Each structure stands twice: as structure tokens, then as C-alpha cells.
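Chemist: Below is the structure I would like to discuss, written out as C-alpha cells.
The numbers here are math on the coordinates, done by the rules we state, and not lab data. Keep in mind the model is a prediction, meaning the values are calculated, not measured. Quick reminder, even Gly has a Cβ in these numbers, built from the backbone with ideal geometry, and neighbours come from all protein chains shown.
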Amino acid sequence: MDISESDYLTLEADPVDKTPEKGDLPLPINNPSGEIEPASEEELQRIIEAEGIWTEPEIGSYELDPTPTVPESPGGGEVIASYSSMYPTHFDFRADVARLVNRVQSRFPWQTFANTYYMHPPVYGRKYEFVSVDFWGGGLSNGRYVGYRGKPIGSSLGQQVWNALWNDPYLPNIFWIIWRGRMWVRGSGWSSSPWGPPDSDAGHYQHVHVTYV
């Protein structure tokens with residue numbers, strides 16, 4: 001069931017610029033600190049295989065072929081290209097957005113995984129790639145931090161992250177934000193989240209998406 005607007009908090013005023021000076025570098029994204037080590041690639045792969053990954057075609061990506069084929073090695077056939085291989089993950093946010101991610105992650109230590117990716121979201125090319133963030137789930141497994149693109153954030157933590165984003169008092173301003181079937185766009189207000197393939201998280205029930213101006 002979709003959340004109604006009344007379930008959300010009210011944005012009373014635009015954020016004001018109290019961020020550090022432009023030259024101040026943000027901390028690394030998804031950094032669990034020296035006290036907690038991240039899972040090794042081998043451990044993480046085993047966890048991902050056990051937990052599974054949600055795919056997340058974003059706004060307008062459904063206008064593209066959701067299961068394009070790409071040539072395999074010479075002499076081979078064709079293979080299905082996954083969404084994440086077409087749009088690889090990275091963490092190269094604009095500095096003020098990176099600081100925002102740090103503020104949110106510091107409130108929920110080792111519980112979230114934040115990323116962007118190439119052409120995020122694809123319908124706009126690379127225009128919003130460096131100011132868009134997806135917040136996925138994170139956590140501890142055998143004393144190690146585990147977070148990855150496609151790990152469900154959970155409804156309770158997701159709502160807390162949404163609240164932290166919505167009420168953050170600093171720049172940058174939110175352009176649009178999507179969570180649990182609802183989307184808010186600056187200047188337009190509320191609507192349902194964009195449609196997407198049925199096997200994806202287009203409704204954003206498993207992750208929170210936010211894009212900044």
C-alpha cells in the first residue's frame with residue numbers, strides 16, 4: 001500500500017548553507033571506521049549470493065530495453081547484461097552531496113550503504129549522476145560490515161534515513177526524493193513513484209533515492 005502524504009513530515013523551509021568551506025574534503029563513503037572491518041570480497045560475494053540483490057531501474061530507465069544483450073567473447077553467443085553492469089556503481093559524489101551522505105551515515109553507523117552509478121538515472125544521461133544517491137542496507141555480519149548495492153534497507157531504517165534526508169538543515173536542496181511508492185519533486189509536489197519492471201525496486205520499497213539540485 002502506498003504511503004500518503006500525511007505520513008511524511010512537512011518540509012517547512014529550504015535548507016540554509018551551513019556546510020563546511022568548499023575546500024574541506026568529505027570523509028570516505030561507506031567507511032565503517034577503524035573499529036569495524038568491512039567484509040572481504042569473498043565473504044561479501046557469499047553473503048550476496050545468500051541474500052540476493054534487488055535491481056533498481058530508476059526514473060525513465062524502463063524506457064530502455066530492461067534486458068539488453070551484449071556480445072560475449074569472440075566465438076561465443078550473447079549474454080544478458082545486468083542493470084548494474086550497464087550502469088556501474090561508483091561513489092564520486094559532488095563534494096556537498098558527499099558531506100550529506102557522511103552526515104546521514106554518521107547517524108546510523110554501519111547500517112547503510114550509499115552509492116551512485118553511471119547515468120544515474122539513465123533517462124537523464126550523466127546530468128544528475130554526481131548528485132543522486134541511493135541508500136541501501138548495511139549491517140554487521142560476524143563482526144564485519146556488510147553493505148552493497150541491492151541490499152534491502154528495511155522499512156524502519158529506510159524511514160529513519162528518509163526523515164534524516166528530508167529534515168537535513170544544510171545545503172544542497174533536494175530536487176526529488178522517492179521512498180515507499182511516493183515521489184516528491186521540488187516545484188511539483190507529490191506523485192506516485194515511477195513505474196519500472198516488476199522484478200525491480202522501481203517503487204523504492206527496498207532503498208531510498210534522493211537527487212539534489
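Chemist: So who's got an amide H within less than 5 Å of the one on His90, skipping anything under 5 residues away but keeping other chains? H placed 1.01 Å off N, in plane.
Modeler: Thr116, Tyr117, Tyr118
Chemist: While we're here: In segment 156-192, which residues have a backbone nitrogen under 20 Å from the label point lying 7 Å from Ser84's Cα in the Cα-to-Cβ direction?
Modeler: 158, by backbone N distance to the label point.
Chemist: Hey, rough spin-label estimate for Arg107 and Arg186, points 7 angstrom out along Cα→Cβ, what's it come to in nanometres?
Modeler: So the label points at Arg107 and Arg186 sit 1.9 nm apart.
Chemist: Which of the peptides 115-122, 28-35, 89-96 is most tightly packed, and how do the rest follow, judged by the mean count of other Cβ atoms within 10 Å per residue?
Modeler: In descending order of packing, they fall as 115-122, 89-96, 28-35.
Chemist: Report, in debye and to the nearest 20, how large the dipole of segment 37-212 comes out about its Cα centre when Lys and Arg carry +1 and Asp and Glu carry -1 on their Cβ.
Modeler: 860
Chemist: OK, next. At a 10 angstrom cut-off on C-beta neighbours, averaged per residue, how do the peptides 192-204, 126-138 rank from highest to lowest?
Modeler: 126-138, 192-204
Chemist: Moving on to the next point. Would you please classify the overall shape of segment 37-212 from the alpha carbon gyration tensor, given that a ≥ b ≥ c denote the square roots of the eigenvalues, rounded means a/c under 1.5, and beyond that prolate means a/b larger than b/c while oblate covers the rest? Walk me through the intermediate numbers first.
Modeler: Working: a/c = 1.74, a/b = 1.17, b/c = 1.48.
Verdict is oblate for segment 37-212.
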